[in-house]
Every structure is written in structure tokens, then in C-alpha cells.
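The values are calculated or read from the model by the stated rules, or taken from the named source; none is laboratory data. Computed from a predicted structure; not experimentally measured. Neighbour counts are summed over all protein chains in view; Cβ atoms, including those assigned to glycine, are modelled from backbone coordinates with ideal geometry. Note: areas computed on protein heavy atoms with side chains; ligands, DNA, RNA excluded. Shrake-Rupley method; radii C 1.70, N 1.55, O 1.52, S 1.80 Å.
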Amino acid sequence: MSVYSVDERLPGIFPVERTGSALQDRVGQFFEEARDDVYRYLLTLGLHPPRAQEAVQEVFLRLYATLKKGDDIENWRAWVFRVAHNYGLKVRERQITEEPFDAGLESKLRARGDDPESELLERERMSRFHHAVEGLSEQQKRCLFLRMEGLRYPEIGAALGISASAVGEFLRRAMTRLKKGAV
């Protein structure tokens, strides 16, 4: 029996294996942290929930494949949202023949513990909010939803392919329009 470990006898094989495993672990951990945010963003693009789930998996698979090839990604979060945005738009084009996601589903799935009056008020409030959001431009909606997911202006800009100052302007206009709609 040898006193050398397998790692010492085959130094060219196992370090690569560890690196791949470490990369897999890092991407897996990032997946756990960001998948819900990416999923919600894909829903805002109009993807059906099952398609959005598949798209989330595809986006993180692309992240892993890109990193494994050796490409350097400076900001994983912005990269993932950019890929999710582009891939989500492609998936949405393919699902045009399907029924759109019912935005009212959210209120139907809520707990029934509220009294009827508060349920009605909440439904009216959500209806006004959804109507106000529908009045925003596509770019304003995307900036707003990414900001709600916690991305900073430069990250939103990187995800959408616009400058951080343009993100600020889109968000300012969106907030102004939403405030007018809430009155």
C-alpha cells in the first residue's frame, strides 16, 4: 500500500475535478439564492409558470456552462438577469398560442382568513395597482421589476443593455406615472 494519496499520484486529474465540483457548488449556491428572483422576473415578462421554471433552469445551466468554458463573468447576478431577459423573450414568442398567465390567480390563492370587506378592498387595491403598471412602457416595467428584485441601477442597465442613468430616468417616469394612477 502506498503512502501517497490518490491526489498526489494523479495531480493533473483531481484538481480539475475539485475545481469543477467547486464551480458546481458555487453555481448551485447562487441558484438557491437567486432562482426565485429570476423566476418572478420571468413571470413579469409574461411566461407561464411552468415555462418560467424551465427557463430558470436553462439560464443557470447556461451560467454553469459559460463559467466551465473559462469565460469570466464579473457580475453573475446581472449576467443571469440579462440571459433570463433574452431567453424569456424567446420563450414568450413561442408560447403565444397558449393561454396567458392569469394575474388574478394570485388573489385566488391567498388565504381565506380575511373578512369579505378587507378582501374586497385588497382586490380593488391590487386591481388599481395592476392597471397602473399596465400603463407603463415595457422598458419602465422591466426596470421596475428588476429594481423590485433588488438589482442596482448598473446591474439593471447591464441586464437590459442600457445605461444606469437611463435606468434612473425610466424608474423616475414609472414612479411618477404610478403615483398619478394611485390617486
Considering residues of segment 76-101 that are assigned to a loop (DSSP other than H, G, I, E, B) and at pLDDT 60 or above only, the residue least open to solvent (accessible area, probe 1.4 Å): GLN95
Residue count for segment 44-63, restricted to those that are outside any loop (DSSP other than H, G, I, E, B) and crowded, with 18+ Cβ neighbours inside 10 Å: 8
Search result, residues across segment 114-169 that are outside any loop (DSSP other than H, G, I, E, B), closer than 18 Å to THR44 by Cα and more than 19 Å from the chain's Cα centre (by Cα): MET126, SER127, ARG128, PHE129, HIS130, HIS131, ALA132, GLU134
So ARG26, is it in a helix (DSSP H, G or I) and either on the phi > 0 side of the Ramachandran plot or open to solvent by 80 Å² or more (accessible area, probe 1.4 Å) (or both): yes
Residues of segment 29-43 satisfying the condition of being open to solvent by 80 Å² or more (accessible area, probe 1.4 Å) and of a type in the set (Asp, Glu): GLU32, GLU33, ASP36
Output for segment 127-162, where each listed residue is farther than 21 Å from VAL38 by Cα, open to solvent by 20 Å² or more (accessible area, probe 1.4 Å) and in contact with a helix residue (DSSP H, G or I) (Cβ under 8 Å, 6 or more places away or on another chain): ARG128, PHE129, HIS131, GLY135
Pairs, first under 21 Å from ARG177 (Cα atoms) in segment 114-133, second open to solvent by less than 60 Å² (accessible area, probe 1.4 Å) and part of a helix (DSSP H, G or I), C-beta under 6 Å, six or more apart: ARG123/SER107; ALA132/LEU178; ALA132/GLY181
